[in-house]
Every structure is written in C-alpha cells, then in structure tokens.
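Asks: So that we are looking at the same thing, I have put the structure below in structure tokens.
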Amino acid sequence: MREPWFKIRTPLSGRRRALLMAASFVLPVLLWCVVTYTPAFQTEMRLTLVTEKIGDGAVFSVGDRVAKSYFGTLQDNVRAVNAGVLEARAAGGAKGSGRANKKKLRQLRGLAESGGYLAGVDPADFKAVDAVLFDLYGRLAGGDIAPGAFGLSDENAALVRANWEILQAAAPYGEKDFVKEPLQYLIPQGVSASPVFLPPPGECLAAAWTDFTTEPANGQPWMHQRLLSSLKVVFGAFLLACLVGVPIGLLCGTSDFFAKLIEPFVDFFRYMPAPTFGLLLQAMFGVAGAPKLALVFIGTFPHLVLMLGNTTRGLDRSLLEAAQTLGAKPARLFRSVIVPGVLPRMYGDLRVLLGWAWTWLVIAELIGEKTGLTAFIDTQGGKYNFDRVFPVIILIGVIGFATDQLLQSLGRTLFPWDVSSGAPPRRGGLGRVVAAPACALGGAVAWAVERAGRPGPRERAAAANPGDHDA
Amino acid sequence: MPDHHPATESDRAAGEKPPALPMPPEVRARFDRIYQRPVVFDVQNLSRTFISPQGQSIQALGGVDFKVHRRELITVIGPSGCGKSTLIRIIAGLESASGGQMLLDGQPVTGPGADRGMVFQGYTLFPWLSVKKNVMFGLESTGRGGAAAEREALQWIDMVGLDGFADHYPHQLSGGMKQRVAIARALANKPRILLMDEPFGALDAQTRAEMQDYLLQIWRNVDVTILFITHDLDEAIYLADRVLVLGRNPGHVKEIVEVPVPRPRTPEQMFDPRFTRVKQRVEHLIHPPGEAPKKPLPVIRMTAVGDEVF
Ligand SMILES: Nc1ncnc2c1ncn2[C@@H]1O[C@H](COP(=O)(O)OP(=O)(O)OP(=O)(O)O)[C@@H](O)[C@H]1O
Ligand SMILES: [Mg+2]
C-alpha cells in the first residue's frame, strides 16, 4: 500500500524526508538557473565590442551592460555614423586622422583579449597591442581566422573586410604614417545576459573559484583568511555570550529574586538596536577585532538571558517537588534537577541564538576597519560584482546550515532521553552524512561525562566500607 | 494509647455516632495491635486558605485532625476539590499550612524532607536519568552515593519487579512501570511515611489492580507507613486499614472508617459483604442521601422519534 505524502502531522519515511530535503535545495537552484539562463528573462546585453564616444551618446566599455531595448538604438547610431563616413568618402571630402583610425582598430581589443590573442603582450604597451590588433585585422579580413569563431557578427566581418581594403596600405604596421582616410566603425556587439543583480550560477561558481584560488592583489587577505576571521568573530562572541549569559539565565529562571532584578533591564536593553552602539564600541575598543566581538555579544546576550530564563522557568515544577521530597537541598536541586532538566531545551535555544550571531556579524564587521567576509561583500557589492558576492553569501548560509544540522544531531546523541524534540527513527542520506561526525563527537562527550560521573578511587574506597555512610 | 475509637473522633456530622461496623475478632485484634504502635504522624487542626488571583480567599482545609500509627496504611477519599492534594502537599512540606501543625515522631515539621517520600499522580521521574539513577537520586541527595547506593537501588528495582529495566530511560517505560519506579525511588530513601497522591489515577483498570497488589506486597515487606489518596472507592477500601473520608467546603475529616476486611487482601474480597458494607458506608459519607439531588441535564432532543436508545 502506498503511504500518502500529505497527511496531517504524520512523519514521512526516511527516504521521503531525504528526498524532500534535497528538493528543498534543488528547487531554488533550478529556479535560479531558469531565471538566469532563459533568454526570456535576460533583460540586458553585456557589451563585448564598443565604439568610442559618438555624438552626444554615452560611453561604454567592454563588460558594461545596457538594456536590450536600448542596444538596437546604440547600434543604429553607429550605423548612421558609418553612412556619413561613406557619404563623405564618396563626395571626396572625407577627413580623418591616423589617431582616429587607430582607435577604430582598438575596437577589436575586447574580443582579442577574451580570445587569448593578446596573451604575452604588455597591456600598457599600446604600440605592441596596436601591432597585434593590426595583424589580427588582416588575418580576419583574409580569412586566416574565421571571423565567426573570433566572435564577430557577419555585419562586422564585412566591415572588417571593407576597412582592410584601406588599412592594408599601411602594412606592415608601423607607428608612423598610419592610414588617414576615415575607416568605418564596427557596430557594437554584446551577449544576452541576466540582470546585474542576478548573475547566473555558472558565473558565480567561476568567480568563486578564482576568488578562492588566486592570491588577491594589494596584499588583501586570502578568502579563507577572511572566512577564518569571520568565524572567530561569530563563535568568539557567541561563546562569550554563553559564558556570561547561561549562568545568568539559569539564575533568573531559578530564583525570582534574580529574575526581577535582572530581566527588566535586559528586556529594555534588547530593544535598543545593537548597531547604534557601533561607534561607541569603536571608541571603547578601537577599530580592530574587539568592537566586532562586542557588537555580536550585545546583539545576542540579552536574548540569551531572557530566552534561557523562560526556558528554565518552563521546567516541570513537579520534578523539583519530587526532588525535594527525596531530600534534595537547594544546591542539589539546581545542580541535579534544574541544570540537567533544562539542558536539551537550552541547547535548542543556543542553536537559535547562534543563527542570530551570524546576522549580527555583517553589521559588526563594518565597524571600524572592515574585515572578514563582509568587507569583501561590501567592496565587491559596491562595484556591482554580484557574481563574486553571491558565493560568499551562500557560503555563510552553508556554514550556518551545516553547523545547525551538526548541532541538531549532536543534540540527539547528547540527550537521548529528550523525546520532545521528535527525533526521527531513521535519517536520510544528507542527515546521515551530517550526523556521522556529530554522533562520533556526541559519543565522545557522553563517554567523557559518563567517566567523570563514575565514582573516583576515593569514593570507591568509601563505598567498599558502607559503614561510613550510615552515620 | 488513649485513642481507641478513631472512627468517631473527628466526626462532625452532628449528633449520634454511627454504629461501628461488625468486625471479625482477628481484624479487631489487628486494629488493637495497630493502635498499640507509636503514632508516626500526628496532624493537628491543620487548615489552609488560598488567596485566589482575584483576591478572594478560598478555604481549602479547615481544621483537619488525625493520627497515623506506625506501619499503618491509611487511605484518604473525598469528592473532587475537597482538599486532598492540598492536605498531602502540606504534609510533604511542598505547601505551607495556614494554621495547625503536624508532628512526625513527635517533632513538628516544616518544609520538605527525605523522611516523607512522595509519589505523585503525574509522572515525575527525571527523564534524563536511567531507572537506576532515578532510584539512586534520593540516596545521593542524602549523601550516600557510590557502589553501595547502586546495589541498594538495584534491589529496590527488583522489589518492584523491574529487574532488567535498570538502564532504561523513563520514556521507554509504560505508565505503570513509571509509577513502580517512582515508588522504588521514594522507598529507597527509607522514609518514615510514604505519601501517595492518586498514584494510579492515570492507569487503566487492569494495571491499576496489579499495582494495588504490588503496593500491598511492598508495604508488607518494608517498614513504612503509607498515606494514600484516591478518589476510587474500591481502591480506598481494598488497600486500607482505615479510610479517612474528607468532606468539602472547607476540607474536614468526616469520619475515619475502620475496614473490617481481613488481610492478606485478595480481589475476590471485593464481593465480600463486609467489603460492600464498608463501601456503602463510605459512599454515604461522600454523597449523603438527600443532599443535592441530581438535576436532569438541560438537553434538547436531537434524535429522530422512534430512534430512542432506551
Ligand atoms: N494554588 C491554589 N490557589 C488557589 N486555590 C487552590 C490552590 N490549590 C488548590 N486550591 C483550591 O483548594 C481546593 C482543594 O484543592 P485540591 O487540589 O486539594 O483538591 P483535591 O481534593 O485534590 O481535588 P481532586 O480530587 O480533583 O484532585 C480547591 O477548591 C482548589 O480550588
Ligand atoms: Mg488532587
């Protein structure tokens, strides 16, 4: 019998869970591919061949984007100018200059570069570049290089041939006495592209590959160094917040005295937006790492205390009463009932808070000296290089998600008695992959705890002599 | 011991005392032996008033008086809301009394302590501890940890018939097993008195009957005095030496009824005329005849004519 897929509050089988989990990632990526690779959604042209400034039109360089609707106009403008050139030539009154013609020669530069024809040529050495381009022009016109394979449109191939009729007089290329008769412009060319804010996955992958594998210019840190620095801020601040916040939260949940003394102010404090403390923290701690830690701390700490206080108060009262009727005094109540009792839910709270710490990271890293992944996002985003920004944002997401999955399965191993979390009986593929290290880690921790809980040699000696106990 | 007729000592139902139920001589002798034993627990004029959130004061208990002798099993029964839980919680020290006092072995007690173990109606095992560690909790609280405590805990687990489950977690046990662990946990502490607040209330009839027999066996073998709260008439009588009937508004002792059914008890005794007579008596005490006759429910007919079930 086939189990139904849609059934109210009924867990699905492990395979179905895994399938859905994979789908929940595959579907957005598919959508991303569709939206960026389908021409219907590509609203822009990325220019591969441009003209110099013509008339009062705008100037574009290779790599710039124009709206598809404007691209035709741009081409028509250039065609009109060419028609003027031809007319002038026919009338015999064409006036040009070698300088202007060299500029037209350089229209090929973009395509030549991406085709690898300028490899080994110093890009700052215009003379050498021009010589190569001139040579290319000849080979394209003569058919040595197929113009289509080079990336030229048929229209431009014809123009190249027409221009070469005039240009070849200057061969072999010499710096002096270049052809003066005006050449025609090549018509601007471009490739269809998705909008700048939505680079296609392929481009993002390529950009990520270069960003992660090539040494950055100007002594900028490597990507993995940036990642490390961001991780330090997130986990450093989070651990600090835990170190201070967990005891306070537990105290608040345990005793009304501390709750009433601490919680109102903390509650007030958390409504003050943490980013507004940025400059203050910079003044207090300087511009390096400390204010960033402090900001993430300020962003997470108050929530931690309040959440934990509530969680602790939520512990079943009757457990405390049962412990009291078993003779537990306050210290033991705290140590052996409250702490272990709230541990699984506290663990859950901390997982949520770790997610928030990541959120604060982006703001924190912009304080003072920009650092880490955020600095990269900020710089590249400012240049509209979103193909380089996306991989970093996704990386943060992946790290957050993986950490959470890891902690979740670690939790299941650490707190096997906690059935409230609804631990599934079997895990799917991805879950198992993530869970494997967690189980190992959890097992190790559980083993250590178990060992620590065993009677030490002194206790064992005392136990061997039970008379001591009955005092 | 001066107190030979506890059945009538706190009877507030004015006027004549109800005749004591006829009792076989061996049962009478047993009661005499019980009354010879020292009083473990003496509740004197205990009262408790709650202030509701609206500021009204609710008197849950008004002057409750009774004594419990060593190794007696006394059950408390009464209508819902008459203050049974309040009473047992005050005795356990989880709630404070507004008036009166209680003496444990002659000493006044305040606050909870290991000398009064308790088994609650809800499941209160520590979910993060194995059965064994749960049972050891009290021992460790009173400063007796280690291997001796572990051995002792295992003995108690055997005693409630759960050998083999020592390393299970509570969520792996059935309701009846959980309550048995709770009993073992309370008894492992060797309390003077074991307080039980409707401990079997959440169990099905079958399991419940089993648990009653378990309890009687344990009580027989362990030096402990038991105060057992229930709202189940059969349970109250089946378990008890004496049944303390509480009345309500405010909670007070209506009567303490001696159960004239010999021990050891067996389920067949429930059809014994002595048993049914006590049952009738207690039933009358809880719901006195003529008090607030049942009003028919104001239900309108919603079935087709001719479709009556009776
Ligand atoms: N914390 C409290 N605050 C206010 N009133 C309370 C409180 N606890 C109990 N009461 C009141 O005291 C009375 C006795 O309550 P209690 O729980 O002792 O009844 P009970 O006999 O155990 O009832 P049941 O058989 O339903 O468990 C009730 O009227 C209840 O409303
Ligand atoms: Mg109750």
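Asks: At a 1.4 Å probe, which residues in region A:292-325 are at least 40 Å² less accessible with all protein chains present than in their chain isolated?
Replies: A:LEU319, A:GLU321, A:ALA322, A:GLN324, A:THR325
Asks: Extending each Cα 7 Å along its Cβ direction at A:LEU205 and A:ARG351, get the distance between those two points in nm, one decimal.
Replies: That separation, rounded to one decimal, is 3.1 nm.
Asks: Helix-only estimate, please: 222 nm mean residue ellipticity of the protein assembly as shown, summing -39500 (n - 2.57) across DSSP H runs of length 4 or more and dividing by its residues, to the nearest 500. Don't skip to the end; give the middle numbers.
Replies: Numbers: 27 runs with 399 residues, N = 781.
It comes out at -16500 deg cm²/dmol, rounded to the nearest 500.
Asks: Can you list residues whose amide H is under 5 Å from B:VAL64's amide H, if they're 5+ apart or on another chain and H is modeled 1.01 Å from N?
Replies: Under 5 Å from the amide H of B:VAL64: B:ASN45, B:LEU46, B:SER47.
Asks: Which residues, if any, in region B:55-101 lose at least 20 square angstrom of accessible heavy-atom surface (probe 1.4 Å) when the other protein chains sit next to their chain rather than the chain being alone?
Replies: So the qualifying set is B:ARG89, B:LEU94.
Asks: If you fit an axis through the alpha-carbon atoms of helix A:290-313 and take the longest principal axis of the Cα set of chain A, what angle between them do you get, 0 to 90°, nearest 10?
Replies: In chain A, helix A:290-313 runs at an angle near 40 degrees to the longest axis.
Asks: Still on this structure, I have one more. Given points 7 Å out from each Cα along the Cα-Cβ axis, report the A:ALA149 to B:SER80 separation in nanometres with one decimal.
Replies: Each label point is offset 7 Å from its Cα along the Cβ direction, giving 9.2 nm.
Asks: Return P(r) of region B:21-95 (all Cα-Cα pairs; 10 Å bins starting at 0; whole %; ordered from short to long distances).
Replies: Per 10 Å bin, starting at 0, the Cα pair percentages come out as 15, 38, 27, 14, 5, 1.
Asks: Assign one of three labels to region A:61-187, namely rounded, prolate or oblate, based on the Cα gyration tensor with a ≥ b ≥ c the square roots of its eigenvalues; rounded applies when a/c is under 1.5, prolate when it is not and a/b is larger than b/c, and oblate otherwise. Kindly include the intermediate steps, with their values, before the conclusion.
Replies: Numbers: a/c = 1.55, a/b = 1.05, b/c = 1.48.
Taking the square roots of the gyration eigenvalues as a ≥ b ≥ c, region A:61-187 is oblate.
Asks: Over the protein assembly as shown, average the accessible area per residue using a 1.4 Å probe and give it in Å², no decimals. Intermediate results must be reported in sequence, preceding the final value.
Replies: On the way: 40500 Å² over 781 residues.
Heavy-atom SASA per residue in the protein assembly as shown reads 52 Å².
Asks: Which entries of A:LYS68/A:LYS104; A:LYS260/A:LYS370; A:LYS68/A:LYS370 show an alpha-carbon separation above 28 angstrom in the structure shown?
Replies: Numbers: A:LYS68/A:LYS104 24 Å; A:LYS260/A:LYS370 39 Å; A:LYS68/A:LYS370 37 Å.
Over 28 Å apart, Cα to Cα: A:LYS260/A:LYS370; A:LYS68/A:LYS370.
Asks: With a Cα-only, solvent-free Debye model of the protein assembly as shown, what are the log10 I(q)/I(0) values at q = 0.06, 0.08, 0.10 Å⁻¹?
Replies: After summing over all Cα pairs, the log10 values are -0.64, -0.88, -1.14.
Asks: Now for a separate question. In terms of modelled amide H atoms, which long-range or inter-chain residues lie less than 5 Å from the amide H of A:GLY190?
Replies: The answer is A:THR48.
Asks: GluC sites (Glu not before Pro), restricted to region A:129-222: which are DSSP loop and have at most 10 other Cβ atoms within 10 Å? Provide the component values of the computation, followed by the final result.
Replies: Numbers: sites: A:GLU155, A:GLU165, A:GLU175, A:GLU203; in loops: A:GLU175.
Within region A:129-222, no GluC sites (Glu not before Pro) qualify (loop, at most 10 other Cβ atoms within 10 Å).
Asks: How tilted is helix A:372-382 with respect to the longest principal axis of chain A? Cα atoms for both, answer in degrees (0 to 90, nearest 10).
Replies: Roughly 30 degrees between the two axes.
Asks: Something else about it: Determine ³J(HN,Hα), in whole Hz, for all residues of region A:337-342 in sequence, where each value follows from phi through the Karplus function 6.51 cos²θ - 1.76 cosθ + 1.60 and θ = phi - 60°; x replaces Gly and Pro.
Replies: The phi angles translate into 10, 5, 4, x, x, 8 Hz.
Asks: How much of A:LYS7 can a 1.4 Å solvent probe reach, expressed as accessible area in Å² and rounded to 10?
Replies: 110 Å²
Asks: Largest first, what is the accessible-area ranking of A:GLU181, A:GLU263 with a 1.4 Å probe?
Replies: Details: A:GLU181 85, A:GLU263 30 Å².
Reading off the accessible areas and sorting them downward yields A:GLU181, A:GLU263.
Asks: So, one more: Nearest 100 Å² is fine: what is the total accessible surface buried where chains A and B meet, probe 1.4 Å?
Replies: So the buried area, both faces added, is about 2300 Å².
Asks: Next up: Given H placed on each backbone N at 1.01 Å, which residues far from B:VAL76 in sequence or on other chains put an amide H within less than 5 Å of it?
Replies: Placed amide hydrogens put B:PHE228, B:ILE229, B:THR230, B:LEU244 under 5 Å from B:VAL76.
Asks: I need the calculated FRET efficiency for the pair A:LEU280 and A:LEU406, taking r as the beta carbon distance and R₀ as 41 Å, to the nearest 0.05.
Replies: Efficiency for this residue pair is about 0.70.
Asks: Considering only protein heavy atoms, what is the solvent-accessible area of B:HIS284 at a probe of 1.4 Å, reported in Å² to the nearest 10?
Replies: 100 Å²
Asks: State whether chain B is rounded, prolate or oblate according to the following rule on the C-alpha gyration tensor (a ≥ b ≥ c being the square roots of its eigenvalues): a/c under 1.5 gives rounded; otherwise a/b larger than b/c gives prolate, and the remaining case gives oblate.
Replies: Values: a/c = 1.44, a/b = 1.25, b/c = 1.15.
Because its axes are fairly even, with a/c under 1.5, chain B counts as rounded.
Asks: What figure, in Å² to the nearest 10, do you get for the accessible area of B:TYR214 with a 1.4 Å probe and non-protein molecules left out?
Replies: 70 Å²
Asks: What FRET efficiency do you get for A:ILE54 and A:LEU30 if R0 is 51 Å and r is their Cβ-Cβ distance, rounded to the nearest 0.05?
Replies: Working: r = 42 Å, r/R0 = 0.83.
Efficiency computed from Cβ-Cβ geometry: 0.75.
Asks: In whole percent, and with a 1.4 Å probe on the protein chains, what portion of the accessible area of chain B is carbon and sulfur? Please list the in-between numbers first.
Replies: On the way: 7780 of 14630 Å².
For chain B, the apolar C and S fraction of the accessible surface comes to 53 percent.
The values are calculated or read from the model by the stated rules, or taken from the named source; none is laboratory data. None of these values were measured; they are calculated from a predicted model. Cβ: placed from backbone, ideal geometry, glycine included. Neighbour counts: every protein chain shown. Side chains are part of the model used for accessible areas, which takes the heavy atoms of the whole protein and leaves out ligands, DNA and RNA. Shrake-Rupley method; radii C 1.70, N 1.55, O 1.52, S 1.80 Å.
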